[in-house]
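Read the structure below first, then the notes.
The values are calculated or read from the model by the stated rules, or taken from the named source; none is laboratory data. Note that the structure is a prediction, hence the values are computed from the model and not measured. When we count neighbours, we look across all protein chains shown, and the Cβ atoms used for this are built from the backbone with ideal geometry, even at glycine.
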Amino acid sequence: MSEPHGPEDGTRRLPAVEPAPSGGVLEMDRSASGSTDERAPVRHSGGHAGRFWSGRRIPAALVALIVLGGAGLLLYDIAAVRADHPAMQWRRSAAEDLASRHLDDVWVLAGSALAAALGLWLLVLALTPGLRALLPMSRRHAGVKAGLDRNAAGFVLRDRAVEVSGVQSVRVRTSRRKATVRAVSHFRALDDVRADLDTVLGRAVSELGLARPPGLSVHVRRPAKKG
């Protein structure tokens, strides 16, 4: 007896896959499907997506140059005094001036305030990340950290907003915590346009993949009357 063969066109029948129970996830066995594609991305949490830190190269270079120049000049003057040479005129004048001024003098207070302000500015630069224009994105894979420029996020929201029926023009202002959308509608009811914008832009914000999606503030108005 001859064994039964498959279809005449030579195709291979896959085993039937039973439907998943209610609330479950349908999974396919690789051995049954014959699939050898191993490139499917595995989604998992890559850790906390913090803000990007600025290198602060310009402030660091300026402080380094000032400290280096001041220290070098002071060390040169001290070495000259040790070698029985007179001290520089600026150091003698500064020492005499500081010895004759009181703590409540205007110039002393102004100099102290300026030094305190510069020190506070340096502390703020050292303790804050900077790069406010770069929005961190959600980390899907460990070791990969991505960011999206705020202007680019605003362009995406603007392009999505102009696709809404009734929208004539759109202005988008994006910050780290909020995206303000101001649209001009030349037809349709303003409430309907605003509802559509809320839906479309809410979906667009979620699709940006940001770690901390900004809140939406949508404003719709009629175009200004001419004349």
- From the residues in the range 124-156 that are of a type in the set (Lys, Arg) and more than 10 Å from the chain's Cα centre (by Cα), which one is surrounded by the most Cβ atoms within 10 Å (Cβ to Cβ)? Arg139
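Could you run through the range 50-62 and say how many residues are without any contact (Cβ under 8 Å) to a residue 60 or more places away in the chain and surrounded by 13 or more Cβ atoms within 10 Å (Cβ to Cβ)? Show your work before the answer.
Restricting attention to the range 50-62, the residues satisfying the condition of being without any contact (Cβ under 8 Å) to a residue 60 or more places away in the chain are 55, 57-58, 60-62.
So of that shortlist, the ones also surrounded by 13 or more Cβ atoms within 10 Å (Cβ to Cβ) come out as 60.
Of the residues in that region, 1 qualify.
Just give me the residues in the range 149-166 being in contact (Cβ under 8 Å) with a residue 40 or more places away in the chain and hydrophobic (A, V, I, L, M, F, W, C), in sequence order. Break it down into steps so the answer makes sense when it comes.
Going residue by residue through the range 149-166, those that are in contact (Cβ under 8 Å) with a residue 40 or more places away in the chain are 153, 156-157, 160-161.
Hits for the range 149-166 are Ala153, Val156, Leu157, Ala161.
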- Task: State all residues of the range 63-91 that are surrounded by 10 or more Cβ atoms within 10 Å (Cβ to Cβ) and basic (Lys, Arg); if no residue qualifies, say none.
- Result: Arg91
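Right, Lys178: within 20 Å of Phe52 (Cβ to Cβ), charged (D, E, K, R) and surrounded by 14 or more Cβ atoms within 10 Å (Cβ to Cβ) or not? Write out each step before concluding.
Details: within 20 Å of Phe52 (Cβ to Cβ): yes; charged (D, E, K, R): yes; surrounded by 14 or more Cβ atoms within 10 Å (Cβ to Cβ): no.
No, not satisfied.
For the range 167-217, how many residues are among the charged types (D, E, K, R) and within 27 Å of the chain's Cα centre (by Cα)? Step through it out loud before you land on a result.
Let us first name the residues in the range 167-217 that are among the charged types (D, E, K, R), namely 171, 173, 176-178, 182, 188, 191-192, 194, 196, 198, 203, 207, 212.
Applying the additional criterion that residues be within 27 Å of the chain's Cα centre (by Cα) yields 171, 173, 176-178, 182, 198, 203, 207, 212.
The qualifying residues number 10.
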- Item | From Ala142, Ala179, residue being on the phi < 0 side of the Ramachandran plot and out of contact with any strand residue (DSSP E or B) (no Cβ under 9 Å at 6 or more places or on another chain) | Ala142
- Query: Out of curiosity, is Gly70 touching a residue at least 60 places away in the same chain (Cβ under 8 Å), among the small types (Gly, Ala, Ser) and either out of contact with any Leu (no Cβ under 6 Å at 6 or more places or on another chain) or under 30 Å from Phe155 (Cα atoms) (or both)?
  - Reply: no
- In the range 87-141, anything part of a loop (DSSP other than H, G, I, E, B) and under 30 Å from Lys178 (Cβ atoms) is listed as Thr128, Pro129, Gly130, Leu131, Arg132, Ala133, Ser138, Arg139, Arg140, His141
- Query: Give me the pairs: first residue in the range 105-132 and outside the structural domain of Ala153 (by TED's automatic domain parsing), second residue surrounded by 13 or more Cβ atoms within 10 Å (Cβ to Cβ) and at pLDDT 90 or above, beta-carbon distance under 6 Å, and six or more apart or on different chains, which are they?
  - Reply: none
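Among the residues of the range 168-191, is there at least one that is of a type outside the set (Ser, Thr, Tyr), in a helix (DSSP H, G or I) and touching a Leu at 6+ places or on another chain (Cβ under 8 Å)? Working first, answer last.
Initial filter on the range 168-191 (of a type outside the set (Ser, Thr, Tyr)): 168, 170-173, 176-179, 181-184, 186-191.
Right, trim to in a helix (DSSP H, G or I) and you get 190-191.
Right, trim to touching a Leu at 6+ places or on another chain (Cβ under 8 Å) and you get none.
Scanning the range 168-191 turns up no residue that is of a type outside the set (Ser, Thr, Tyr), in a helix (DSSP H, G or I) and touching a Leu at 6+ places or on another chain (Cβ under 8 Å).
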